[in-house]
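Peer 1: Let me give you the structure first, and then I'll get to my questions.
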Amino acid sequence: MNDLIFFINQAVIGGLVLGSIYALGAVGVTLIFGILRFAHFAHGDMMTMGAFITFVLAGIFAATGVVLPLPTGFIVVPIAMVLAAVIALGIDKGFYAPLRARGAKPVTLLIASIGVTMMIQGLVRLTFGVGTYSFFDTEPKEIFRIVLPFEDVTRPITITEPQILLIVSTAVAVIALHYFLTRSRLGKAMRAMADNPDLAKVSGINTKLVVRVTWVIAGALACLAGTMLALDVSLKPDLAFNIVLPIFAAAILGGLGHAYGAIAGGFVLGFAETLAVFNWSVLLRPFRDVLWFEIPGTLTLVQSEYKLTVAFVILVVVLLVRPTGIFKGAST
């Protein structure tokens, strides 16, 4: 039973947390690709920028002396999401919209997004330096330990408060996005434009408004994902740059341009990475008397430092076998 709880702590909770981060990030990537038809490479740094905005707001809020039962960073994240959405609109207005007006090809927009990545990284480093920050320097990080009522169980199920908030926030964001895309007129217009931009334009859909709403949603979700990631680990200038590839892999796995596919792809990739580095010898230990081979102390598919290679492998396999992804999005 203790080994099963170890599996729950390491694989199940770890997969849910990582999958939630990937899902939130991949939704923004896939919405931008579906509407604007280019891979927005700067999305990871928008996550980092959003986390730093939240960090500044949390510092201002903490200076007021108000103490709340939830982490300050989580309390102020709705305000940060609004600011990040405005900045995302500004980035589109300043960089991508002029290129689209000149009829730039997707590869040109992709290269422009790499330039935006460098600009955001430089701005963050110029403002905050290269150090590492924590949302919990002035407040404790709650850790919940759930002890199961069994005699032979000595290990508790362990989960932190930011991890619970991350999973709950992802669920709320997914449900809200579902209702927006399926029940609102604007959401249906976004889906129509993602399916066929030319037909949507001749049908009278306000495509400029759809583009603006796309950036608002992508910017807000990027801020939420970056903040929740920083609450779970720590805040640094390259917080989300290193997970850009898994986020794109999740979007491609689910089907580019398909929001639900991005969510599914995020969780599939999160669990795949977590299970790949899980020490399976722990679960095999109760069967050591019936197995014909000796169980090694460590039995993993890949070492933890090579966890990102799982995303590479899945990305290559998807591109070779099913380029449209699970939900049959746009071909890559």
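Peer 1: Between beta-carbons, use under 14 Å as the cut-off and find the net charge around residue 59, counting Lys and Arg +1, Asp and Glu -1.
Peer 2: -2
Peer 1: Now for a different question. From the square roots a ≥ b ≥ c of the eigenvalues of the alpha-carbon gyration tensor of region 105-207, which class results: rounded (a/c under 1.5), prolate (a/b over b/c), or oblate?
Peer 2: oblate
Peer 1: Between residue 148 and residues 5 or more places away or on another chain, which pairs have amide H atoms under 5 Å apart, with H built 1.01 Å from N, and which residues are they?
Peer 2: 157
Peer 1: Could you calculate the FRET efficiency of residue 9 with residue 95 from 1/(1 + (r/R0)^6), where r is the beta carbon distance between them and R0 is 56 Å, rounded to 0.05?
Peer 2: 0.80
Peer 1: If each DSSP helix of 4+ residues adds -39,500 (n - 2.57) and the sum is divided by the residues in the chain, what number results at 222 nm, nearest 500 deg cm²/dmol?
Peer 2: Theoretical 222 nm ellipticity from helices: -21000 deg cm²/dmol.
Peer 1: Can you give the local net charge around residue 8? Use residues other than it whose beta-carbon is closer than 15 angstrom to its beta-carbon, Lys and Arg +1, Asp and Glu -1.
Peer 2: +1
Peer 1: At 7 Å along Cα-to-Cβ for each site, give me the label-to-label distance between residue 293 and residue 60 in nm.
Peer 2: My value for the distance between the label points is 5.9 nm.
Peer 1: Right, here's the next one. Once R0 is set to 25 Å, what does the formula 1/(1 + (r/R0)^6) return for the Cβ-Cβ distance between residue 238 and residue 114, expressed as a FRET efficiency to the nearest 0.05?
Peer 2: For residue 238 and residue 114, the calculated efficiency is 0.95.
Peer 1: When you count, for each residue, the other Cβ atoms within 10 Å and take the mean per peptide, how do 268-280, 292-304, 170-182 rank with the highest first?
Peer 2: Highest-to-lowest ranking by the protection proxy: 268-280, 170-182, 292-304.
Peer 1: Contact order normalised by length for the chain, with contacts defined as Cα pairs under 8 Å and 6 or more residues apart; what percent is it?
Peer 2: RCO, the chain: 33 percent.
Peer 1: Additional query: Sorted from largest down, give the three principal axis spans of the alpha carbons of the chain, whole angstrom values.
Peer 2: Per principal axis, max minus min of the Cα coordinates gives 69, 55, 38 Å.
Peer 1: Please give the peptides 111-118, 223-230, 162-169 ranked by average Cβ packing (other Cβ atoms within 10 Å per residue), highest first, as a rough proxy for protection.
Peer 2: 223-230, 162-169, 111-118
Peer 1: Next question, about the same structure. Could you tell me how many degrees, from 0 to 90 and to the nearest 10, lie between the Cα long axis of helix 308-321 and the main elongation axis, the longest principal axis, of the Cα atoms of the chain?
Peer 2: Value to nearest ten degrees: 60.
Peer 1: Rg over Rh of region 216-332, using C-alpha atoms and the Kirkwood radius, what does it come to?
Peer 2: Taking Rg over the Kirkwood Rh, I get 1.08.
Peer 1: Now for a separate question. State the percentage of accessible surface on the chain attributable to carbon and sulfur atoms; use a 1.4 Å probe and exclude ligands, DNA and RNA.
Peer 2: It is 67 percent, rounded to a whole number.
Peer 1: Next up: Relative to the longest principal axis of the chain, what angle (0 to 90°, nearest 10) does the C-alpha long axis of helix 259-277 take?
Peer 2: Helix 259-277 and the main axis of the chain meet at about 30 degrees.
Peer 1: Just to confirm the number: angle between the C-alpha axis of helix 244-254 and the first principal axis of the chain, 0 to 90 degrees, nearest 10?
Peer 2: In the chain, helix 244-254 runs at an angle near 80 degrees to the longest axis.
Peer 1: Between residue 137 and residue 206, take the C-beta separation as r, use R0 = 30 Å, and let me know the FRET efficiency to the nearest 0.05.
Peer 2: It comes to 0.10.
Peer 1: Next question. Taking the Cβ of residue 296 as the center, what net charge do the other residues with Cβ under 14 Å away carry, scoring Lys and Arg +1 and Asp and Glu -1?
Peer 2: +1
Peer 1: Could you pull the Cα extents of region 35-121 along its three principal axes, largest to smallest, in whole Å?
Peer 2: For region 35-121, the Cα spread along each principal axis is 51, 19, 18 Å.
The values are calculated or read from the model by the stated rules, or taken from the named source; none is laboratory data. Source: prediction; values computed, not measured. Positions of Cβ are backbone-derived with ideal geometry, glycine not excepted, and every protein chain shown enters the neighbour counts. The protein model used for the area step is the full one, side chains on, heavy atoms only, and it has no ligands, DNA or RNA in it. Shrake-Rupley method; radii C 1.70, N 1.55, O 1.52, S 1.80 Å.
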